[in-house]
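Trainee: Before I ask anything, here is the structure I am working with.
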Amino acid sequence: MGEAQSQDFAAQRAGMVAEDDAMYAETKSETGLAAMSPAVRAAMGKVERHRLVADGHRGAAYRNHPLPIGGGQTISQPYIVALSTDLLNLKGGEIVLDVGTGSGYQAAILAEIASRVFSIEIIDSLGKAAAKRLQELGYGNIEVKIGDGYKGWPEKGPFDGIVVTAAAPQVPRALVEQLKPGGRMVIPVGGSGDIQYLKLLVKRADGGYDEKGILPVRFVPLVPGKS
Ligand code: SAH
């Protein structure tokens, strides 16, 4: 890619961050977050989203709307990625689980802040392509596996944070179990025809959790695994 083109992408990325700022301000009363945290803002300004989306969509990579990624899947708008990351309240050093690797963009944003990110994708071709691109981009702290995110990744847990980027009819129990006490999970909950709510869960010391509905959202459904 030429110098001029990568400068153009950098300018588009700065524009995307400015739009995300505006959306934070608009949704402040619902989300309780007045502004993007400095860590999330830095990650959003750095990750080269155009290198994670399919070639044909590079020109649209920084627009604030969902994008198709193949396999009938779409990836969330950047604002939702920023918001989900902020809701985890990461300070650095955490171990995070990302369910629904897709393009790998959410995993990359998390990996800019957390120390390790484990990401699960159920569609073989998508997971493999994302793992390859993330490796090319130098994300040695992200591990991708092909599998069913409903089950989480117990061998790598418990986790400080979990982000689920496909909607589940209910909060998967295995994921709650793999959260540390005090750990946070952001997950869209609702059936595919229903209104889904992005929820924030905070695990209690007694093993239960407190939850808060953040925003109505629309995500692709979390596909139930075969086994
Ligand atoms: N976080 C992604 C976008 C995710 S789109 C990104 O930043 O690009 C939702 C993804 O979840 C799709 O790739 C879909 O294949 C995957 N998915 C659906 N059901 C799943 C399941 N049970 N386990 C793991 N991944 C699943």
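The values are calculated or read from the model by the stated rules, or taken from the named source; none is laboratory data. Please read these numbers as outputs of a predicted model, since none were measured by experiment. Using ideal geometry, Cβ is built from the backbone for each residue, glycine included, and neighbour counts are taken over all protein chains shown. Calculation scope for accessible area: heavy atoms of the full protein, side chains included, ligands and nucleic acids excluded. Shrake-Rupley method; radii C 1.70, N 1.55, O 1.52, S 1.80 Å.
Trainee: Under a 1.4 Å probe, what is the accessible area of segment 3-217 per residue, stated in Å²? Please report the intermediate quantities before stating the final value.
Mentor: Details: 9160 Å² over 215 residues.
About 43 Å² of surface per residue is accessible.
Trainee: Just to check I understand the Karplus step: with θ = phi - 60° and J = 6.51 cos²θ - 1.76 cosθ + 1.60, what whole-Hz values come out for segment 138-146, glycine and proline as x?
Mentor: Values, residue by residue: x, 7, x, 9, 10, 10, 10, 10, 8 Hz.
Trainee: Helix 3-31 versus the longest principal axis of the chain: what is the Cα-based angle in degrees, 0 to 90, to the nearest 10?
Mentor: For helix 3-31, the angle is close to 40 degrees.
Trainee: Next up: Give me the net charge of Pro188's neighbourhood, meaning all other residues with Cβ under 12 Å from the Cβ of Pro188; Lys, Arg count +1, Asp, Glu -1.
Mentor: That sum, taken over residues with Cβ under 12 Å, equals +1.
Trainee: Right, next: Taking 0.36 nm per residue of sequence separation and subtracting the Cα-Cα distance, how much length would be gained by fully extending the chain between Ala25 and Glu155, in nm to one decimal? Numbers along the way, then the final one.
Mentor: Working: separation 130, 0.36 × 130 = 46.80 nm, distance 3.90 nm.
That pair, Ala25 and Glu155, stretches by 42.9 nm at full extension.
Trainee: Can you run phi through the Karplus equation (6.51, -1.76, 1.60; θ = phi - 60°) for segment 188-196 and list ³J(HN,Hα) in whole Hz, with x for Gly and Pro?
Mentor: x, 10, x, x, 5, x, 8, 6, 9
Trainee: Roughly how many Å is it from the Cα centre of segment 1-25 to that of segment 91-159, as a whole number?
Mentor: 24
Trainee: Which of the trypsin sites (Lys or Arg not before Pro) across segment 91-171 are loop residues per DSSP, with 14 or fewer other Cβ within 10 Å? Please list the in-between numbers first.
Mentor: Numbers: sites: Lys91, Arg116, Lys128, Lys132, Arg133, Lys145, Lys151, Lys156; in loops: Lys91.
Sparse-neighbourhood loop trypsin sites (Lys or Arg not before Pro): Lys91.
Trainee: What is the angle, in °, between the Cα long axis of helix 124-136 and the longest principal axis of the Cα atoms in the chain? Nearest 10 is fine, range 0 to 90.
Mentor: Compared with the principal axis, the helix lies near 60 degrees.
Trainee: Can you figure out the FRET efficiency of Arg58 with Ile146, using R₀ = 30 Å and their beta-carbon distance, to the nearest 0.05?
Mentor: Working: r = 25 Å, r/R0 = 0.84.
Efficiency computed from Cβ-Cβ geometry: 0.75.
Trainee: With an 8 Å Cα cut-off and a minimum separation of 6 or more residues, compute the relative contact order for the chain in percent.
Mentor: Details: 446 pairs, mean separation 33.1, N = 227.
Once normalised by length, the contact order is 15 percent.
Trainee: Continuing with this model, one more query. Report the label-to-label distance for His65 and Glu3 in nanometres (one decimal), using points 7 Å from each Cα along the Cα→Cβ vector.
Mentor: 3.5
Trainee: Report in % the part of the accessible area of segment 123-201 that belongs to carbon and sulfur, leaving out ligands and nucleic acids; probe 1.4 Å. Provide the component values of the computation, followed by the final result.
Mentor: On the way: 1790 of 3500 Å².
Percent of accessible area from carbon and sulfur atoms in segment 123-201: 51.
Trainee: In addition: Whose amide H sits under 5 Å from the amide H of Ile75, counting only residues 5 or more places off or on another chain, with H placed in the peptide plane?
Mentor: For Ile75, whose amide H was placed from the backbone, the distant partners under 5 Å are Leu67, Ile69.
Trainee: Amide H neighbours of Leu198 under 5 Å, counting only residues 5+ apart in sequence or on other chains, H built in-plane at 1.01 Å?
Mentor: Val189, Ile214, Leu215, Val217
Trainee: If you line up the long axis of helix 78-88 against the longest principal axis of the chain, both from Cα atoms, how many degrees apart are they, to the nearest 10?
Mentor: Once rounded, one gets 40 degrees.
Trainee: Right, something else. I need two numbers for the chain: Rg to one decimal and Dmax as a whole number, Cα atoms only, in Å.
Mentor: Here Rg and the maximum Cα pair distance are 16.4, 55 Å.
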